[in-house]
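Note sheet for the following structure.
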Amino acid sequence: MAWFKVDDGFYDHPKIEQVGMAARGLWLTAGSWCAKHLTDGVISAKRVRAIGGTRAQVQALVDAGLWVKLKDDSGAVCYAFHDWFDMQPSRDQVNEKRQIERERQRNWRANRTRKNAPASDDADLSRRDTPRDTPRDTPRDTPRESQGLSRFPVPTRPDPSPGGFSGQPCDGDQGAGASGGGISLDGLAAATRRARQAGVPEAAISAGLAEFGRRDEPKGPGLLRVLIDEAAQAHQAETAAEQAKRARRATIDACDRCDATGWVVGTNPAVKCDHKPQAGGPF
């Protein structure tokens, strides 16, 4: 999330005092839109109209020196905030900050994963070979539960089996027990590894792991592979829908006849815009 910064002396700035409250509202609204979309303080005339700006308000901002009227590469009218970079971060600065934050979170997750990783086989053997000096005071009435077994597997062990993820046999291990094989760290790690080798997005793998963690016992690597496959299909469908949505938004934004929802401006009854250019242009 980006922020549009407003100085505490905004209310009595000489330029602001020249414009009415409606124009001030347009200035603030347009500024928050520019900050969200990282446009470096540039907003098209079409977008100004979509957020409720009027010709008189725009002219007041231009006359006061708060906006500069420009034209983009396609010749469409747009407006730039005067001295935007004196108060607001640039697009590159925001993206750099976001990248640093993503890297910090990635490192934090990696450190947490290493801390939760199971001990190595050599360390396990060493502990088993070392005699216990202190006898146990009380007998163990209940079977020993697995120590260090995470509900979310960590792919830290080598996978000796070849092949990709899709189409891998489940070997009946969707459940635990004699027929299912139980939960195996090697098997769970191999399931996530095969998914990555097959190009499954990390978001789908994470969703599959989360759903696997929510399922009740018995369960095994076969169930995890099924859940990751289902999450991958859902992710693919969401991606396609998002691409279609963006394509429609780009078409609407490029059209000078319709409003932000795709309806022709000034028609009664409302007419759905076909986005074909016509004579004339925005204010």
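Among the residues of region 218-231, is there at least one that is modelled with pLDDT of 85 or more, surrounded by fewer than 16 Cβ atoms within 10 Å (Cβ to Cβ) and either acidic (Asp, Glu) or not in a helix (DSSP H, G or I) (or both)?
Looking for residues that are modelled with pLDDT of 85 or more, surrounded by fewer than 16 Cβ atoms within 10 Å (Cβ to Cβ) and either acidic (Asp, Glu) or not in a helix (DSSP H, G or I) (or both), one finds at least one in region 218-231, hence yes.
Mind checking which residues of region 39-57 are out of contact with any strand residue (DSSP E or B) (no Cβ under 7 Å at 6 or more places or on another chain) and either closer than 19 Å to Phe85 by Cβ or not in a loop (DSSP other than H, G, I, E, B) (or both)?
Passing the criteria: Thr39, Asp40, Lys46, Arg47, Arg49, Ala50, Arg55, Ala56, Gln57.
Please go through region 1-29 and give me each residue that is in a helix (DSSP H, G or I) and either within 24 Å of the chain's Cα centre (by Cα) or on the phi > 0 side of the Ramachandran plot (or both), ordered by number.
Hits for region 1-29: nothing passes.
Do we have Phe81 as of a type in the set (A, V, I, L, M, F, W, C) and without any contact (Cβ under 8 Å) to a residue 12 or more places away in the chain here?
Details: of a type in the set (A, V, I, L, M, F, W, C): yes; without any contact (Cβ under 8 Å) to a residue 12 or more places away in the chain: no.
No, not satisfied.
Please identify the pairs in which a residue from region 258-271 that is free of Cβ contacts under 8 Å to residues at least 40 places away in the same chain and within 12 Å of Lys46 (Cβ to Cβ) has its Cβ atom under 6 Å from the Cβ atom of a residue that is surrounded by 15 or more Cβ atoms within 10 Å (Cβ to Cβ) and not polar (S, T, N, Q), counting only partners at least 6 apart or on another chain.
The qualifying pairs are Cys258/Val264; Cys258/Cys273.
Restricting to region 217-234, count the residues that are in contact with a Phe, Trp or Tyr (Cβ under 6 Å, 6 or more places away or on another chain) and either of a type in the set (Lys, Arg) or closer than 13 Å to Arg194 by Cα (or both).
Total meeting the criteria: 1.
The values are calculated or read from the model by the stated rules, or taken from the named source; none is laboratory data. Please read these numbers as outputs of a predicted model, since none were measured by experiment. Every residue, glycine as well, gets a Cβ built from its backbone with ideal geometry; the counts of neighbours run over all protein chains shown.
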